[in-house]
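I have placed the structure first, in the form of structure tokens, so that the comments after it can refer back to it.
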Amino acid sequence: MKYKMIVLDLDGTTLTSDYKVSDTLRNCISQLKKKLHVYIATGRSVSDSIAYFNILDFNNELIANNGSFVYKPTTGETFINSPMGNALEVLTYLFYNKEWFHIDNIVVSAREKTFLLNKKNHYLHSIIVNPSLPYYYIDSCSFLQLENVHRIIISIDSAYLNQLTSILKSLFPYMLVCHWHKRNDIIDISIKHIDKWTAILNIAESHGIVADEIVAIGDSDNDLSMLSSAGLGICMLNGTNSAKEAADLITDYDNNQDGVFKILTKIFSDFEMQEEIS
């Protein structure tokens, strides 16, 4: 068999737009895991990706925060930990200007832990807090003492979203500052040049797997390195133009049409696995 490892992005790829995993894809992955190494590689933190890790019944490493934190939930082991080098500066600016920009909540992901200012923004709270992992409500002084920060999320009055986003991009050009899909009240800050592919290769090498033996499926610009470097890089039909250019092929179906399931069954039927995953 040519391919020995599959790496799946979550949002826009494995997940539908309403954050679901189809039963057909779940069953497909369950069968593929019997013969291949299958991993999740996501820009999400452990806290907001662990639910899908569990739904898909993984027991291996979770590649989170775009590869800056690789963690094995079943054992609590950490394999890669590359936190923000300037989290204190970002947090100091946010707390100093909190009232001015009408920021009502700040969330920090530090390794597998989550720290929140309060419970405001129910949507954000429901996404980022997982009861199976440690989370804490702390004050601004305690935020400024946090270590191993991988991600900062801001809940803000929508009227100030674009203004603060522009300022943060200008002040911290080495950070990735973006909005959540279809949300005008959340700003997400993470490390800009962290590479999923570096983490993927690290894991692959531990299993004696080389780049040409890896299938990577994604949809966005944070997937570019794995799409261009894997033996087979697959971009979703709903992917960005840059992701499509980086990939070897583009799916015929998007993330709401079971695109991952359909491309996996098509590819691996060539290796006499169709009977196992259909």
> Name the residues in segment 214-234 that are touching a residue at least 60 places away in the same chain (Cβ under 8 Å), buried (at least 19 other Cβ atoms within 10 Å of the Cβ) and of a type in the set (Gly, Ala, Ser), would you?
Replying inline: ALA216, GLY218, SER220, ALA230
> For segment 17-68, what are the residues that are more than 20 Å from TRP197 (Cα to Cα) and hydroxyl-bearing (Ser, Thr, Tyr)?
Replying inline: SER17, TYR19, SER22, THR24, SER30, SER47, TYR52
> Looking at segment 238-263, which of its residues are surrounded by fewer than 21 Cβ atoms within 10 Å (Cβ to Cβ), assigned to a loop (DSSP other than H, G, I, E, B) and either among the aliphatic types (A, V, I, L, M) or in contact with a strand residue (DSSP E or B) (Cβ under 7 Å, 6 or more places away or on another chain) (or both)?
Replying inline: ASP248
>> Taking the condition of being under 11 Å from ILE152 (Cα atoms) and either of a type in the set (Phe, Trp, Tyr) or in contact with a His (Cβ under 7 Å, 6 or more places away or on another chain) (or both), how many residues in segment 170-187 meet it?
In response: 2
>> Restricting to segment 25-64, name every residue that is among the β-branched types (Val, Ile, Thr) and surrounded by fewer than 16 Cβ atoms within 10 Å (Cβ to Cβ).
In response: ILE55
>> Take TYR71 and tell me if it is out of contact with any Ser or Thr (no Cβ under 9 Å at 6 or more places or on another chain) and either farther than 23 Å from LEU201 by Cα or surrounded by 16 or more Cβ atoms within 10 Å (Cβ to Cβ) (or both).
In response: no
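Any residue in segment 125-132 that is surrounded by 15 or more Cβ atoms within 10 Å (Cβ to Cβ) and under 14 Å from ALA87 (Cβ atoms)? Please lay out each step first, then the result.
Step one: of segment 125-132, the residues surrounded by 15 or more Cβ atoms within 10 Å (Cβ to Cβ) are 125, 127-130.
Cutting the leftovers down to under 14 Å from ALA87 (Cβ atoms) gives us none.
No, the conditions are met nowhere in segment 125-132.
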>> Show the residue pairs meeting these rules: Cβ distance below 6 Å; 6+ apart or different chains; first residue within segment 249-264 and closer than 16 Å to ASP223 by Cβ; second residue of a type outside the set (A, V, I, L, M) and surrounded by fewer than 21 Cβ atoms within 10 Å (Cβ to Cβ).
In response: ILE250/LYS244; ASP254/ASN238; ASN255/THR16; ASN255/ASN238; GLY259/TYR253
>> For segment 244-256, give me the residue count where each residue is touching a Leu at 6+ places or on another chain (Cβ under 9 Å) and either within 14 Å of ASP11 (Cα to Cα) or of a type in the set (Ser, Thr, Tyr) (or both).
In response: 4
> Scanning for something touching an Asp or Glu at 6+ places or on another chain (Cβ under 9 Å), modelled with pLDDT of 95 or more, buried (at least 21 other Cβ atoms within 10 Å of the Cβ) and not β-branched (Val, Ile, Thr), does segment 89-106 turn up at least one residue?
Replying inline: no
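Just a yes or no: is a residue in segment 182-200 β-branched (Val, Ile, Thr) and closer than 16 Å to LEU36 by Cα?
Taking segment 182-200 first, the residues β-branched (Val, Ile, Thr) are 186-187, 189, 191, 194, 198, 200.
Filter once more, so that each one left must be closer than 16 Å to LEU36 by Cα: 200.
Yes.
Return yes or no: is ASN66 more than 20 Å from ILE127 (Cβ to Cβ) and either within 18 Å of the chain's Cα centre (by Cα) or part of a helix (DSSP H, G or I) (or both)?
Details: more than 20 Å from ILE127 (Cβ to Cβ): no; either within 18 Å of the chain's Cα centre (by Cα) or part of a helix (DSSP H, G or I) (or both): yes.
It is false that ASN66 is more than 20 Å from ILE127 (Cβ to Cβ) and either within 18 Å of the chain's Cα centre (by Cα) or part of a helix (DSSP H, G or I) (or both).
Name the one entry in ASN202, ASN162, ASN148, ASN222 that is modelled with pLDDT under 95 and of a type outside the set (Gly, Ala, Ser).
Numbers: ASN202 fails: modelled with pLDDT under 95; ASN162 fails: modelled with pLDDT under 95; ASN148 fails: modelled with pLDDT under 95.
Sole residue among the options that is modelled with pLDDT under 95 and of a type outside the set (Gly, Ala, Ser): ASN222.
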>> Here is a check on your reading of the model: is HIS193 in contact (Cβ under 8 Å) with a residue 60 or more places away in the chain and surrounded by fewer than 15 Cβ atoms within 10 Å (Cβ to Cβ)?
In response: no
> Give me the pairs: first residue in segment 201-213 and in contact (Cβ under 8 Å) with a residue 40 or more places away in the chain and assigned by TED's automatic domain parsing to the domain that holds GLY233, second residue of a type in the set (A, V, I, L, M) and surrounded by fewer than 16 Cβ atoms within 10 Å (Cβ to Cβ), beta-carbon distance under 9 Å, and six or more apart or on different chains, which are they?
Replying inline: ALA204/VAL210; GLU213/MET1
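Give segment 73-87 a look and list any residue that's in contact with a helix residue (DSSP H, G or I) (Cβ under 7 Å, 6 or more places away or on another chain) and of a type in the set (A, V, I, L, M, F, W, C), or say none.
Just the residues of segment 73-87 that are in contact with a helix residue (DSSP H, G or I) (Cβ under 7 Å, 6 or more places away or on another chain), to begin with: 73, 80.
Within segment 73-87, ILE80 is the sole residue that qualifies.
The values are calculated or read from the model by the stated rules, or taken from the named source; none is laboratory data. Everything numeric in this text was worked out from a predicted model, so none of it was measured. Cβ: placed from backbone, ideal geometry, glycine included. Neighbour counts: every protein chain shown.
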